[in-house]
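Data block below; observations after.
Bear in mind these aren't lab numbers, they're just calculated from the coordinates by the rules spelled out. The model shown is predicted, which means the values in this text are computed figures rather than measured ones. In this analysis, Cβ positions are derived from the backbone assuming ideal geometry, glycine residues included, and neighbour counts consider all displayed protein chains.
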Amino acid sequence: MKTVSLKIDDSIFGETEKILSRIRISRNRYINEAIDHYNKMQKRQILEKKLKVESELIKQDSLHILKEFENIDYAD
């Protein structure tokens, strides 16, 4: 494990201490779980942005191909 020194706003610290006294887990465990949760959220947001960009690229290609198919003269 790594040791990290961090500064926390007084209001956030106070709220955290109140919560910790009720759920009875260590401050260290709580902060680790919070960071883990936040990391997962960030990964999802990064993936969502990437998928939106790629979806837009595919959409443009699909529309182009669809127009080409519409212009094909199907002779019987």
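When the residues of segment 43-67 are filtered to those that are within 29 Å of residue 4 (Cβ to Cβ) and not charged (D, E, K, R), the one that is nearest to the chain's Cα centre (by Cα) is 45.
With respect to (1) exposed (fewer than 10 other Cβ atoms within 10 Å of the Cβ); (2) part of a helix (DSSP H, G or I); (3) not acidic (Asp, Glu), the lone exception for residue 13 is condition (1).
The test for being surrounded by fewer than 10 Cβ atoms within 10 Å (Cβ to Cβ) and of a type in the set (A, V, I, L, M) holds for residue 72.
Given the criteria within 25 Å of the chain's Cα centre (by Cα), outside any helix (DSSP H, G or I) and charged (D, E, K, R), does residue 40 qualify? Against the criterion (within 25 Å of the chain's Cα centre (by Cα), outside any helix (DSSP H, G or I) and charged (D, E, K, R)), residue 40 does not qualify. Among the residues making up segment 16-54, a single one is among the small types (Gly, Ala, Ser) and surrounded by 10 or more Cβ atoms within 10 Å (Cβ to Cβ): 34. Of the residues making up segment 26-76, those that are of a type in the set (A, V, I, L, M) and within 18 Å of residue 13 (Cα to Cα) number 3.
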